[in-house]
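Shown next, in structure tokens, is the structure this report addresses.
The values are calculated or read from the model by the stated rules, or taken from the named source; none is laboratory data. Since the model is a prediction, treat every value here as computed from it, not as a measurement. Cβ sites come from the backbone with ideal geometry, for glycine too, and all protein chains shown count toward neighbours.
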Amino acid sequence: MKINELKDKKIVIFGYGREGRATLLALRARGIENIVVTDEKALEVPEFVRIDEVMADAQTVVIKAPGIPPSNSWIVKWREAGATITSSTNIFLAERKGRGKIIGVTGTKGKSTTSALLAHVLATAGLSVKLVGNIGVSSISEVEAAEETIFVLEMSSYQLADLEIAPDIGVILNLYEEHMDWHGSVDEYQKAKLRLGEMMTVNDTLVYNPKFPRLVELGEKTEAWPCPIDFADREVLHSLKLLGEHNRENACAVLEVAKLMQIDEEIVKTAFASFEPLPHRLQFIAEVRGVQFVNDSISTTPESAMAAIDVYADKPLAIILGGQDRGYNFTELAKRLSKIDNVLALVMPGGERIFAALADEGVAAERVATLDEAVEKSLAHLVNGGVCLLSPASPSYGQFKNFEERGRLFAEAVETRRSTT
């Protein structure tokens, strides 16, 4: 559904966070007037209408925020009343598909780094590129960009669950467990990710990781041109500053897209060498008393924590784990830690399931209440130097607002020790 098709409709923007605000501005800029904004909490905006006062029918279009699941009781009620339920991402794709190029990037882990790296490569090649989506800039806010603009669109499972139009090139990096609380099950979460390839047509291209059977199956049945990622070692990969095998695989995905875009490999090499890692992703903070402190607060699954552990497995290690319990299985994570000499796991509140898995594998572990306490205990453990790694394998919610706040507070705790050493 394009913006001009909304002129004769009653528009409800449900959820007034970053996406909701951007949607309101984009619609107003096109002269759409019949808009109300609602939320499950009160808002101080002129367009606000209490949610229980929203009247919906077949002439209503509800543009919901990505974090609101399809099972939300208000969404169900409005859909039953005949309303059309959509999203700002779908409106953006309807507006921009066929104008310039849209490259959608998703995966359980690595999508932000891959999206940013890909945008950097395209910009280094002299192309007009905008990085939008889940990474921070709402796609609909850039709907009026120049025709030649190439969009790199980071796509979360929330944005994919109700996807109506696919980007020109889709990239699926991996497929693990995540967001079961929102989707209801691992299977439903993974179905949302797979929707990227399922919505593609013969004019599109699907770049996917052939290490995952469900992605191989998707590559075989999609109407799009299937493009499995080639993970062979190449000289261009050696210029990366990014650490870890997982980031090397992310770079290989970028290489596939660069080839599709006919970008010379020397340009890619230059871009790889000049790309700086994103914050909270294996980010070096400081060295205190011979201990290197590394912020990997973005790590919200066991798989992402294991990828981080592999980078530092040859060093004495203190790892900070724990957070919101989403029911993950931590057995493999505990087994990985059990193979490291001189390791101490510091388990934050909410990490009881992790603590039990560590005990089963005989991994030394201590419970801590705060990041400050974790930093202090890591210094006591690593008296001869090593690495203190914040890679929680769990979401931050509960104790922290988000993973950014968790990483920032970790850095502050480290800086406090550094300034007093």
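At-a-glance table
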{"quantity": "Number of the exception - Val12 against (1) at pLDDT 95 or above; (2) surrounded by fewer than 20 Cβ atoms within 10 Å (Cβ to Cβ)", "calculated": "(2)"}
{"quantity": "Residues (under 13 Å from Ser138 (Cβ atoms) and surrounded by 17 or more Cβ atoms within 10 Å (Cβ to Cβ)) located in the range 23-39", "calculated": "Thr23, Leu24, Ala26, Leu27"}
{"quantity": "Test for Lys259: is it in the same structural domain as Lys111 (by TED's automatic domain parsing), of a type in the set (D, E, K, R) and over 17 Å from the mean Cα position of the chain (by Cα)", "calculated": "yes"}
{"quantity": "Test: residue in the range 335-354 that is within 20 Å of Phe410 (Cα to Cα) and among the charged types (D, E, K, R)", "calculated": "no"}
{"quantity": "Count of the range 371-393 residues which are surrounded by fewer than 17 Cβ atoms within 10 Å (Cβ to Cβ) and either within 16 Å of Ala334 (Cβ to Cβ) or in contact with a helix residue (DSSP H, G or I) (Cβ under 8 Å, 6 or more places away or on another chain) (or both)", "calculated": "2"}
{"quantity": "Flag if Arg326 is at pLDDT below 95, among the basic types (Lys, Arg) and either closer than 27 Å to Asp181 by Cα or in a loop (DSSP other than H, G, I, E, B) (or both)", "calculated": "yes"}
{"quantity": "Single residue of Val62, Val45, Val76 found to be of a type in the set (Val, Ile, Thr), outside any loop (DSSP other than H, G, I, E, B) and under 16 Å from Gly20 (Cα atoms)", "calculated": "Val62"}
{"quantity": "Filtered residues of the range 27-44 (kept if in contact with a helix residue (DSSP H, G or I) (Cβ under 8 Å, 6 or more places away or on another chain) and over 24 Å from Gly82 (Cβ atoms))", "calculated": "Arg30"}
{"quantity": "From the options Glu223, Glu217, Glu198, residue that is in contact (Cβ under 8 Å) with a residue 24 or more places away in the chain and among the charged types (D, E, K, R)", "calculated": "Glu198"}
{"quantity": "Options Glu188, Glu178: the member that is buried (at least 18 other Cβ atoms within 10 Å of the Cβ), acidic (Asp, Glu) and assigned by TED's automatic domain parsing to the domain that holds Ala253", "calculated": "Glu178"}
{"quantity": "Listing of strands (runs of 3 or more DSSP E) fully contained in the range 336-403 that carry 1 or more residues being under 29 Å from the mean Cα position of the chain (by Cα) and free of Cβ contacts under 8 Å to residues at least 24 places away in the same chain", "calculated": "365-367"}
{"quantity": "Count - residues of the range 217-262 that are within 23 Å of Glu303 (Cβ to Cβ) and surrounded by fewer than 15 Cβ atoms within 10 Å (Cβ to Cβ)", "calculated": "6"}
{"quantity": "Hits in the range 79-89 (condition: within 11 Å of Met1 (Cα to Cα) and either modelled with pLDDT under 95 or not in a helix (DSSP H, G or I) (or both))", "calculated": "Thr84, Ile85, Thr86, Ser87"}
{"quantity": "Residue in the range 90-105 that is within 21 Å of Leu6 (Cα to Cα), more than 26 Å from the chain's Cα centre (by Cα) and surrounded by 15 or more Cβ atoms within 10 Å (Cβ to Cβ) present", "calculated": "no"}
{"quantity": "Subset of the range 174-215 (residues that are farther than 25 Å from Thr300 by Cα and β-branched (Val, Ile, Thr))", "calculated": "Thr201, Val202, Thr205"}
{"quantity": "Every residue from the range 201-211 that is closer than 30 Å to Ala313 by Cα and either in contact (Cβ under 8 Å) with a residue 40 or more places away in the chain or loosely packed, with under 15 Cβ neighbours inside 10 Å (or both)", "calculated": "Asn209, Pro210, Lys211"}
{"quantity": "Which listed residue is among the charged types (D, E, K, R) and touching a helix residue (DSSP H, G or I) at 6+ places or on another chain (Cβ under 6 Å), from Arg195, Arg214", "calculated": "Arg195"}
